[in-house]
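Since the structure comes first, as structure tokens, the remarks are kept for the end.
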Amino acid sequence: MKHLTKLLMVVALLGVYGSAQSKDTDIGKEKAAAICAACHGPDGISSNPMWPNLAAQKKDYIIKQLKAFRDGTRSDPVMSPMAKPLTDADIENLAAHYSSLKCK
């Protein structure tokens, strides 16, 4: 019985985590469409070699880079002002979205 209770708790936690992750990805997709897609493409694949593909990048890498642009430890004339208004939640959601995409 103890094992069944533990198993049910794990399944419940995975369900909560999975739905929260999906929500983060959905929110990130909306934010990306509004502020990132013009340069990085609607699916995170840039049509311009000057701008990197974001699809399938690692979540932690995206978070680190966006925070660096936002906080001024990394500077770029285009990215710095784009990242400046982003909250930590915005950055987490964008990273969840882009890391969930596949590079085609």
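Among residues other than L101 whose Cβ falls under 15 Å from its Cβ, what is the net charge (Lys/Arg +1, Asp/Glu -1)?
Every neighbour counted, the sum reads +2.
Between beta-carbons, use under 14 Å as the cut-off and find the net charge around A32, counting Lys and Arg +1, Asp and Glu -1. Intermediate values should be presented prior to the final figure.
Values: positive: K29, K31, K59; negative: D24, D26, E30, D43, D90, E92.
Surrounding charge for A32 is -3.
Around V78, under 15 Å between beta carbons, what's the net of Lys plus Arg minus Asp minus Glu among the other residues? If you can, show how the numbers build up before the last one.
Working: positive: R70, R74, K84; negative: D76.
Charge balance in the 15 Å sphere: +2.
Quick note: the coordinates plus some simple rules give every number you see, no bench work behind them. Source: prediction; values computed, not measured. Here Cβ is always computed from backbone atoms with ideal geometry, including for glycine, and neighbour counts include all displayed protein chains.
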